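S.K.: Please read through the structure below; I'll follow up with questions.
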Amino acid sequence: MKQLLTPLLVLVLLAVTVSANIEITDGLDNGDLLVEVDYSKFDEEDEERIIETTNAFTITNNGDAEEIITISAEGLPGDYRSANQEVTVAAGASTQVEFNIEAPHDKNPGRSSIGTIKLEASNTVTAPLVQNTLNMLSFKEITVDYVDEDGKNRDDDFDAQTETSFTLDNDVKPGTELILTFEVENLFDNDDYDESELEKIEIEIDADDDDIFPSDFTDTYDFSDIKADKKDEITVRFTIPEDANSGDYNLEFKLTGEDGKDVDYEIERKVKLELKREKDDVRFTQTRFSPATVQACEGNTYTLDLEIQNFGTDDQDHTVVTVENADLDISENFPDFALEEFDEDDTWRRSITYTVPAGLTAKTYNVDANVFIDRDETQDFKRIELVVEACPSAAPTPVVRPNRTPTQPTQSAETTEPAAGTDSNEEPEASTETNSVTGSAVVPQSIEDPYTIEDLFIGGIIVAVVLVVAMIGLFFMILIKK
């Protein structure tokens, strides 16, 4: 019996040894063989597939004889293609191999199983074949502009292509504006490829604590469609609420879009900031002229509205506000008033009405407003513009004067000659003339007497002379007849 079992045991051991002759000893990622697919390699109009190569992997022959190994891909999706490859590995040797896959444009970015890689020789070895699809939408850069805890303007730039989370270099003041600029890029190389344009690109902004956002904050913003190898950027502004609590906040950004093949792209990034309320932090919250434009007319008035607020954690017992502009005769000093810490009795307001000085020149005037604590420590400064326009002059009263130039009638005037036997010295009757006036306005016309007083006087003298001469002639004729 022992003589029979011994040969069988030897055969079993040999079989086990043979089954382990070849194996993959390096190049797998958690047991998977990866093939990276980059859709930017599509560069022709109607191209259906691109050739991609798996990660290099190492095949080791642990046997005593040379092995001829056939490598194939099994279970590939219908639009994929591959060709078997053969490799020879000497006994006790290893070799590094890559395997080619023809991949279509249809997978979303990230990892997805597409089949099995199979090695066949004296034994068979398999491993999952996993496609890692690259993202064609790049979150290129994030820029954050803000006011730090010292009141200084800051801007931090982050390379969002490689890193996923970032932290602002300085703390941020509540009640200040945060400006976010996002730059994105289309990583397709060639717009000859019909499906390379990225569309429906938008960014959604969120936070782990909504207290950092104002109540009317819009959380979604659209980019333009981006052609291959082009970029786009948008800027989002919002003011952190004055009553936001101090502490850490994480701003979360989700960028999405799709290409011409309806492949969806999604990228997420985070920016961490610390909101810090300082001990001494008194600021103007309103500096406004009403109206903002005034005419330089005597008696005109305008109003300056001021408001300051203590955003700090300390009470301020000696707060001072000054407002100055010599040309406008503005010189205000509000000394030594108290402001309690933030969220208590922390606000001061004033409305001051001014009269426009006489002879003021029309131009834009800058009025300087300052707020101090401890009487002389500057906390905030604002320059307020007042636009002064020239006072309009009084409009002249329109005078309608008669038109002394006779208007030509449209019908010719007819003059009636004296009839035979009529005394030539009698004044002719005034003839009636009908004038046709054209146009939309009626033009006043003057009717003048045909003879002046001087004309009548001279005419009378002439008539008298004629009568005298006639009488003298008549007298001589009578004398001659006698």
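The values are calculated or read from the model by the stated rules, or taken from the named source; none is laboratory data. Here the structure is a predicted model, which means the values were calculated and not measured. Here the Cβ positions follow ideal geometry from the backbone for every residue, glycine too, while neighbour counts run over all protein chains shown.
S.K.: Could you say whether any residue in region 32-54 is over 28 Å from residue 137 (Cα atoms) and either surrounded by 13 or more Cβ atoms within 10 Å (Cβ to Cβ) or not assigned by the TED database to the domain that holds residue 256 (or both)?
M.R.: Scanning region 32-54, I find no residue that is over 28 Å from residue 137 (Cα atoms) and either surrounded by 13 or more Cβ atoms within 10 Å (Cβ to Cβ) or not assigned by the TED database to the domain that holds residue 256 (or both), so the answer is no.
S.K.: Sort out which residues of region 279-305 are β-branched (Val, Ile, Thr) and surrounded by 14 or more Cβ atoms within 10 Å (Cβ to Cβ), and write them in order of number.
M.R.: Those that are β-branched (Val, Ile, Thr) and surrounded by 14 or more Cβ atoms within 10 Å (Cβ to Cβ): 282, 285, 287, 294.
S.K.: Taking region 172-185 only, how many residues are touching a helix residue (DSSP H, G or I) at 6+ places or on another chain (Cβ under 9 Å) and more than 30 Å from residue 346 (Cβ to Cβ)?
M.R.: Count: 0.
S.K.: Same structure, new question: Do we have any residue at all in region 223-235 that's of a type in the set (Phe, Trp, Tyr), over 30 Å from residue 343 (Cβ atoms) and surrounded by 15 or more Cβ atoms within 10 Å (Cβ to Cβ)?
M.R.: yes
S.K.: Which residue, of 303, 285, 353, is hydroxyl-bearing (Ser, Thr, Tyr), closer than 26 Å to residue 177 by Cβ and either in a strand (DSSP E or B) or at pLDDT below 95 (or both)?
M.R.: 285
S.K.: Considering 334, 372, 381, 342, which residue is modelled with pLDDT under 95, under 30 Å from residue 175 (Cα atoms), not basic (Lys, Arg) and not assigned by the TED database to the domain that holds residue 176?
M.R.: It is 342.
S.K.: I've got another one for you. Given the criterion out of contact with any Asp or Glu (no Cβ under 6 Å at 6 or more places or on another chain) and surrounded by 13 or more Cβ atoms within 10 Å (Cβ to Cβ), identify the matching residue among 187, 198.
M.R.: Residue meeting the stated conditions: 187.
S.K.: With more than 28 Å from the chain's Cα centre (by Cα) and farther than 23 Å from residue 344 by Cβ as the only criterion, which of 259, 248, 232 stands out?
M.R.: Matching residue, one of 259, 248, 232: 248.
S.K.: Out of everything in region 127-160 that is surrounded by 15 or more Cβ atoms within 10 Å (Cβ to Cβ) and polar (S, T, N, Q), what residue ends up being nearest to residue 90 (Cα to Cα)?
M.R.: This residue is 131.
S.K.: To continue, here is another question. Any idea how many residues of region 47-75 are in contact with a Leu (Cβ under 8 Å, 6 or more places away or on another chain) and either assigned to a strand (DSSP E or B) or among the hydrophobic types (A, V, I, L, M, F, W, C) (or both)?
M.R.: Number satisfying all stated conditions: 7.
S.K.: Same structure, new question: Every residue in region 103-119 that is within 18 Å of residue 74 (Cα to Cα) and crowded, with 16+ Cβ neighbours inside 10 Å, please.
M.R.: 103, 104, 114, 115, 117, 118, 119
S.K.: Exactly one of these conditions fails for residue 308: (1) surrounded by 15 or more Cβ atoms within 10 Å (Cβ to Cβ); (2) assigned by the TED database to the domain that holds residue 183. Give me its number.
M.R.: All conditions pass for residue 308, except number (2).
S.K.: If you don't mind, there's one more thing I want to ask. Given the conditions (1) touching a helix residue (DSSP H, G or I) at 6+ places or on another chain (Cβ under 6 Å); (2) free of Cβ contacts under 8 Å to residues at least 40 places away in the same chain, and given that residue 188 satisfies all but one, which numbered condition is not satisfied?
M.R.: The number of the failed condition is (2).
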